[in-house]
Each structure stands twice: as C-alpha cells, then as structure tokens.
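Heads up, the thing below is written out as structure tokens.
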Amino acid sequence: MQSPEASTAVSPTQLHLTLAAFADEVVGTLARLFAYVGTLALFAILGLAALGQLPDLRGDEPADKPGWSVADRSRPAFALSKLDSSDKTSSYTILRHPEGGRRDVLRWGGAADQVLAELKIYREGGEFDVTRPAAADLAVHMGLGVAAPLEQAGLIETKFGPVALFRPVAAPEGARACLGYLKRSEEPALQISGFSCQGDTLPAQRAAIACTLNRLTLLTAGNEPKLADLFAHAELKRRGCDLQGSPDWLLGAANAQLRGAL
C-alpha cells in the first residue's frame with residue numbers, strides 16, 4: 001500500500017514539464033507585448049511623419065485657391081473731374097476677389113509707357129488681411145521693389161480728410177522722385193492709395209496728389225449706401241487745385257511728428 005507522502009510527491013520529470021510550460025507562457029506573453037508596443041510605435045512614427053507633411057500641404061493650399069482676377073464686364077465706379085480737355089486717364093482696371101474684394105485702379109502714363117501716377121480704390125472683402133501693413137505694396141507699385149523701406153513724409157489735407165504720404169528712405173540712383181499716399185476708412189471698409197511722380201518739387205508733388213484726391217468722384221455706389229454717404233460728405237469739403245503747392249494744404253504740426261522708417 002502506497003503511503004500518503006508517496007502519493008503527493010512530484011517526480012522530477014513532472015516538475016521540469018511544469019517549469020517548461022510556465023517559461024513558454026512567459027516568453028509568449030513577452031513576445032505578444034513587444035509586438036503590441038512595436039505596433040504602437042509604428043503608428044506613432046507614421047503619425048509624426050504625416051504631421052511633418054502638413055506645413056507643406058498648407059503652403060500649397062493658397063496656390064489652389066482663386067485670387068484676384070480682372071473683371072472686364074464690371075463698370076467703372078470712379079472718375080476724376082477734368083481740369084481741361086486733355087486730362088485723360090491712361091487706363092482703368094477693375095480687379096475682383098471671390099471673397100468680395102474689389103480694386104479700381106486708375107493709371108496715368110507718360111512717355112515710353114511710363115506710369116506717372118496711380119490711384120487705387122480698394123473695397124475690402126473677406127480676403128482682407130488685418131495683420132498685413134497697409135502700406136506694404138506701395139513700394140512695389142512705385143517701382144522700388146518689395147524690400148525697399150519707406151518713411152512717412154507728412155500729411156496733406158483733402159476732401160477725405162488727412163492723407164499720409166510716404167517716400168523712399170534711400171532711393172536708387174537715377175530713380176524718379178515719387179510720393180506714395182494712403183487713406184483708410186473703417187465705415188465703409190475702404191482704402192485709397194497710390195503714388196505720383198508729377199511735380200519737380202516736394203510741394204508740387206504734394207499738391208498733385210491732393211488735387212487728384214479732391215477731383216475723385218463716385219460714378220456709382222451699387223448696393224453700398226455707406227460708400228455713397230462717404231463721397232457725398234467729402235464733396236462738401238472739396239477744394240480747388242493749386243498745382244504749385246499751397247502751404248495751407250499741409251498739416252504742419254502733424255508733419256513734424258511723422259518721421260522715421262515705416
């Protein structure tokens with residue numbers, strides 16, 4: 001008859017089999033754990049790689065969006081009252097943006113197709129960038145290049161109120177002496193800007209710009225009553241043109257304060 005001690009005893013072979021089975025289970029569990037962690041790491045790497053491509057995709061996105069285009073069928077909304085019968089606009093271009101913006105660009109040329117003056121009326125739409133400096137494009141339109149710095153050159157008084165003037169900090173040798181100008185309105189959202197190379201002296205150049213703005217008239221406001229009100233009130237302050245440059249067109253106190261690079 002077998003003793004109780006003998007019945008509960010475990011043989012060496014059974015112990016080895018049990019330990020081997022346990023070891024296999026541990027190895028299998030570790031293998032599955034490493035595979036799981038490796039899969040998570042792979043997804044993380046792929047996710048980071050995809051995020052790294054997002055800036056390039058965002059950079060390409062604006063190029064696919066429609067921008068400014070010439071509106072050949074739109075009718076001119078502005079004009080300049082004539083000083084004499086020879087006073088003629090060289091070109092009138094209308095640009096429209098899908099988000100609602102409109103630019104009316106009037107240009108006057110000289111010899112050899114050289115632009116002597118430009119006047120732009122920009123009615124802002126959803127595309128307007130409030131973070132972009134208002135005078136950022138003046139240097140380009142004046143033919144000075146994107147990086148050309150401008151400085152404020154005082155103010156002139158017009159029927160639209162004070163208008164800021166800008167000139168190159170250091171004009172290239174042989175470049176034309178031109179003045180840029182800018183006037184913004186909040187209601188309606190409107191920006192009047194441009195440049196003029198007319199006049200041999202600084203007072204004459206200021207006078208030419210003031211005369212241009214004082215002669216600017218509205219042909220049609222469309223569905224913009226605030227635009228009609230702006231020009232109606234401006235006409236009450238309209239002044240005559242003194243192409244020699246009248247000193248009272250300058251805001252002397254303000255001119256003394258507006259100096260320095262833009």
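Would you mention how many residues in the range 217-262 are loosely packed, with under 13 Cβ neighbours inside 10 Å and at pLDDT below 85?
Qualifying residue count, the range 217-262: 11.
State all residues of the range 109-130 that are of a type outside the set (Gly, Ala, Ser) and either under 19 Å from HIS97 (Cα atoms) or at pLDDT 90 or above (or both); if no residue qualifies, say none. Let's see the steps before the verdict.
Let us first name the residues in the range 109-130 that are of a type outside the set (Gly, Ala, Ser), namely 113-116, 118-124, 127-130.
Across the range 109-130, the qualifying residues are GLU118, LEU119, LYS120, ILE121, TYR122, ARG123, GLU124, GLU127, PHE128, ASP129, VAL130.
Please go through the range 138-149 and give me each residue that is under 17 Å from ARG184 (Cβ atoms) and crowded, with 20+ Cβ neighbours inside 10 Å, ordered by number. If you could, list the steps in order and put the result at the bottom.
We begin by selecting, within the range 138-149, every residue under 17 Å from ARG184 (Cβ atoms); these are 138, 141.
Passing the criteria: only LEU138.
The values are calculated or read from the model by the stated rules, or taken from the named source; none is laboratory data. Computed from a predicted model, the values in this text were never measured in an experiment. When we count neighbours, we look across all protein chains shown, and the Cβ atoms used for this are built from the backbone with ideal geometry, even at glycine.
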